[in-house]
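The block underneath contains the structure these notes are about, expressed in structure tokens.
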Amino acid sequence: MEPRDLSDHTEYVAGQGIEEVARELGRDPSELVKLASNENPFGPSPKAVDAIRESAPGVHHYPKSAHTDLTEAIAAKWAVDSSQIWLSPGGDGALDYLARAMLEPGDTVLVPDPGFAYYEMSARFHHGTVNRYSIVEATDFALTPETVLDSYQGERIVYLTSPHNPLGGQFTIEAVREIAAATDDETLVIVDEAYGEFAEGESARTLLDQRTDIAVLRTFSKAYGLAGLRLGYTIVPSPWADAYARVNTPFGVSSIACMAGQAALEDDEHVERTVETVKWAREYMRSEIEAPVHESHGNFVMVEVGDGTAVADAMRDRGVIIRDLSSFGLPAHVRITAGTNSETKQAVRELNEVLES
Ligand SMILES: *Cc1c(COP(=O)(O)O)cnc(C)c1O
């Protein structure tokens, strides 16, 4: 037998891991610095680590109350009803739940190009057809309503990433409002705020009091440092929030993830330290790298280096793993995640040497 025709489905290309690179280079993982996957350089919140340890003896239970408790804590944070919080296995899981809730076979979606690969993968799994809007270098990768609306043809879902990965730019709240207003009533605008903690300005959550066609995605993978646990959520408008019960994977979020997420939410110090360090690193990289660095509102910067693959390979040989952006269709660029102060300085020093040679 055969699976269904998956020929137009693409594979997700993740940034390389430390162990993987260490093995390839024959070096010790502790000598390497990984700035390729927008992870938290300080690791998880220590409070989340304690919660993980404490929840271990209870994992023979299905995660029911842990799920409810975390949902309530997140709902309180955003001042919405608990029904409006859809917990999911990572932000990626949130994308799946929204596609399940919205797409009929053959419906079309509109995704950014360049952009996050999983939008399109998820839409295809759910029998959707993918159209793209281009974010172009000629306008300095501007994220305006026209960027999206010029390509809009009545798609069922429009994906906005704000701050955008890997470009670093963001849509203003006004731009999101304009896009939602200009698209059909039956078009859902998903605002992916995976990097929202690192941005200045308001979350698109503020628009949910007036509109029923916007959903806001958030994750614990970036600022909260819980990427390995797979925890994310969507804030959805109340009129259709009850669809969650019909589309979610039962117990899709583990009890350990729920407990760790709740502890992380309460650890303001960890998030603040992370965000401050990221802001410092963004500015440092912009001022010190001897190549054009785009302004970023995320925990990374995009740098124009000429031959991204060659530069990423040379950096890797020097022990610093960064992201080659050719899989995003940006072969002249690399993306560097904000590290600790010393990691960021090391990355800049090595990059400037590579660029010079
Ligand atoms: C990291 C990321 C996500 C979510 O990642 P998860 O680990 O699945 O939570 C979503 N969108 C973008 C643009 C991202 O970079």
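Some points to look at:
- A residue that is within 16 Å of the chain's Cα centre (by Cα) and farther than 23 Å from residue 235 by Cα can be found somewhere in segment 102-124.
- Against the conditions (1) away from the ligand (no atom under 16 Å from the Cβ); (2) surrounded by fewer than 22 Cβ atoms within 10 Å (Cβ to Cβ); (3) at pLDDT 95 or above, residue 271 satisfies every one except (1).
Yes or no, residue by residue, for (1) touching a helix residue (DSSP H, G or I) at 6+ places or on another chain (Cβ under 8 Å); (2) surrounded by fewer than 18 Cβ atoms within 10 Å (Cβ to Cβ); (3) within 16 Å of residue 114 (Cα to Cα):
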| site | (1), (2), (3) |
| --- | --- |
| 277 | yes, no, no |
| 286 | no, yes, no |
| 305 | yes, no, no |
| 326 | yes, yes, yes |
| 331 | yes, yes, yes |
| 336 | yes, no, no |
| 350 | yes, no, no |
| 353 | no, yes, no |
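- On the stretch given as segment 239-271, residues that are of a type in the set (Ser, Thr, Tyr) and either closer than 12 Å to residue 89 by Cβ or in contact with a Leu (Cβ under 8 Å, 6 or more places away or on another chain) (or both) total 2.
- Any hit, segment 174-189, residues being closer than 23 Å to residue 259 by Cβ and either within 16 Å of the ligand (Cβ to nearest atom) or hydroxyl-bearing (Ser, Thr, Tyr) (or both): no
- Answer residue from segment 213-249, given it is near the ligand (Cβ under 8 Å from one of its atoms) and polar (S, T, N, Q) and is surrounded by the most Cβ atoms within 10 Å (Cβ to Cβ) among those: 219
- Matching residues, segment 41-61, being farther than 24 Å from residue 298 by Cβ and small (Gly, Ala, Ser): 51, 55, 56, 58
- Which listed residue is part of a helix (DSSP H, G or I) and over 30 Å from residue 72 (Cα atoms), from 335, 282: 282
- Scanning segment 303-310 for any residue that is farther than 19 Å from residue 340 by Cβ, touching a His at 6+ places or on another chain (Cβ under 7 Å) and of a type in the set (Asp, Glu) turns up at least one such residue.
- Boolean, residue 95 is within 15 Å of the ligand (Cβ to nearest atom) and of a type in the set (A, V, I, L, M): yes
- Residue in segment 70-84 that is of a type in the set (Phe, Trp, Tyr) and either in contact with a Ser or Thr (Cβ under 6 Å, 6 or more places away or on another chain) or over 26 Å from residue 271 (Cα atoms) (or both) present: no
- Which numbered condition residue 244 fails, given (1) within 26 Å of residue 168 (Cβ to Cβ); (2) in a helix (DSSP H, G or I); (3) hydroxyl-bearing (Ser, Thr, Tyr): (1)
- Within this structure, residue 201 passes the test of being surrounded by fewer than 24 Cβ atoms within 10 Å (Cβ to Cβ), at pLDDT below 95, more than 16 Å from the ligand (Cβ to nearest atom) and over 17 Å from the mean Cα position of the chain (by Cα).
- Residue selected from segment 128-168 under the condition β-branched (Val, Ile, Thr) and not in a strand (DSSP E or B), by the criterion nearest to the chain's Cα centre (by Cα): 135
The values are calculated or read from the model by the stated rules, or taken from the named source; none is laboratory data. Computed from a predicted model, the values in this text were never measured in an experiment. Quick reminder, even Gly has a Cβ in these numbers, built from the backbone with ideal geometry, and neighbours come from all protein chains shown.
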